[in-house]
Amino acid sequence: MRVIAGKARSLRLKSIEGMDTRPTTDRIKETLFNMINDDLYGASFLDLFSGSGGIGIEALSRGARRAVFVESSRKAAACIQDNLKFTRLAPEGEVLVMDVFRALDNRGESFSLIFMDPPYDRGLEKEVLSRLKASPLVTEETLLIVEASLETDFSYLEEFGYEVVKRKEYKTNVKVKIKAPKITITTKTIEFGGTRGTRYCFDYNVKGATKIKVRAKKLAFRNKEFNRYISTPKSNEKYTYFNIKESDLKNLGNKISFEIVAYYGKNVSEKYKKTVSAK
């Protein structure tokens with residue numbers, strides 16, 4: 001196994017033979033990097049189920065800014081460390097010796113490219129993708145590459161919000177290039193009424209966000225603005241409301257706006273604003 005291109009080109013890497021680590025052949029590796037080459041330079045690369053680290057090291061050699069390797073086998077992780085040192089790419093690489101799902105729960109930064117090559121036919125790719133769709137590791141710009149057996153069912157991807165960009169099949173396996181879920185925000189009507197002042201009900205539906213905030217924004221009155229954040233709704237809530245006195249409403253020009261702020265982790269991804277007039 002060797003590095004195909006970049007600053008570590010032609011250097012031979014150590015590998016560990018066995019069912020749980022499958023060194024990728026040069027031909028398949030070249031096909032893989034043809035799928036992501038335009039997005040690789042300066043990227044942050046997450047290599048899950050890393051094995052001997054050949055994919056993440058290839059990414060670093062071709063211009064990725066940094067790579068994080070996640071491998072539960074201590075023997076394989078030691079092999080990754082040796083390969084990073086041999087290729088002089090150790091400063092840009094980080095090796096996590098832990099279970100992939102533990103790593104997903106403990107990392108907070110986002111990645112621009114995520115590659116996974118889990119043991120075949122155990123459903124691990126589905127479980128990982130399920131975790132990632134609501135994870136701060138993923139942004140709307142993240143691309144994911146999944147290697148799996150040819151028989152693997154990916155019909156759930158649309159339900160999870162992912163978009164398949166490209167699929168490449170080989171004799172025994174398949175590589176699928178996937179776009180991360182996009183945040184979509186839709187709203188319905190705003191209703192008025194209530195016995196304790198005027199109640200504003202903002203009916204909305206948000207998909208693909210890890211967190212949302214809803215803000216009731218009272219529009220300017222005499223060059224002043226009054227803003228109030230409503231407590232962050234639970235993931236299964238699709239509306240929010242608050243009360244305002246009729247006298248306050250008149251002073252504010254009988255107008256009020258609602259703003260939804262949707263997040264991937266800590267990053268604001270999209271805002272939705274709507275202004276309505278009270279009846």
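The values are calculated or read from the model by the stated rules, or taken from the named source; none is laboratory data. Only a predicted model underlies this, so the values are computations on that prediction, with no experimental measurement involved. Cβ coordinates were reconstructed from backbone atoms using ideal geometry, including for glycine residues, and neighbour counts include every protein chain displayed.
The table for this structure:
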| read-out | value |
| --- | --- |
| Flag for ILE4 being in contact (Cβ under 8 Å) with a residue 24 or more places away in the chain, aliphatic (A, V, I, L, M) and not assigned by TED's automatic domain parsing to the domain that holds LYS168 | yes |
| Candidate set from the range 112-147 (those that are hydrophobic (A, V, I, L, M, F, W, C), assigned to a loop (DSSP other than H, G, I, E, B) and in contact with a Leu (Cβ under 7 Å, 6 or more places away or on another chain)); member that is surrounded by the most Cβ atoms within 10 Å (Cβ to Cβ) | VAL138 |
| Test: residue in the range 85-92 that is more than 13 Å from GLY6 (Cα to Cα), aromatic (Phe, Trp, Tyr) and in contact (Cβ under 8 Å) with a residue 40 or more places away in the chain | yes |
